[in-house]
Amino acid sequence: MPIKHRLQRTLPSTAAELTRQLMHEWTEPSSAGQPLIVLEGERGQPQHVYVIWDEWKGLDQRERSEIIMDVVEQLSGPQGMPDLSLVTVAMGLTIEEAKRMGIDVS
């Protein structure tokens, strides 16, 4: 089977601000609103990270995942943060997308 190499894509101009906002929410969670960060799986085991946030509109799934993984990489290690090497899924979803996937958004 042939191997195809792809060049790294450039993130949209909004990526830096979304990364900053997500990092702030992760380190200083608010009591309500978005983004909602859902960690699925036990600490020390493979985990799925879902970030439910209507600000994702206009970004494709790959861009959303790259932003989430950038934040996880920067925060990996401290108590309560997922270990980067154990994140098997990093998915950014709007509220409607999360509901369609059966992810609890309450």
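Within the range 58-78, track down each residue that is in contact with a Leu (Cβ under 6 Å, 6 or more places away or on another chain) and among the β-branched types (V, I, T).
I67, V71, V72, listed by residue number.
Just one of (1) without any contact (Cβ under 8 Å) to a residue 40 or more places away in the chain; (2) out of contact with any Gly (no Cβ under 8 Å at 6 or more places or on another chain) trips up Q61, so point out which.
Q61 satisfies every listed condition except (2).
Being acidic (D, E) and farther than 17 Å from T14 by Cα is true for just one of E55, E73. Which residue is that?
E73
Rule-based calculations on the coordinates, nothing more; no lab input. Worth saying up front: this structure is predicted, and the values here are computed from it rather than measured. Don't worry about glycine lacking a Cβ; one is built from the backbone with ideal geometry, like all the others, and counts go over all protein chains shown.
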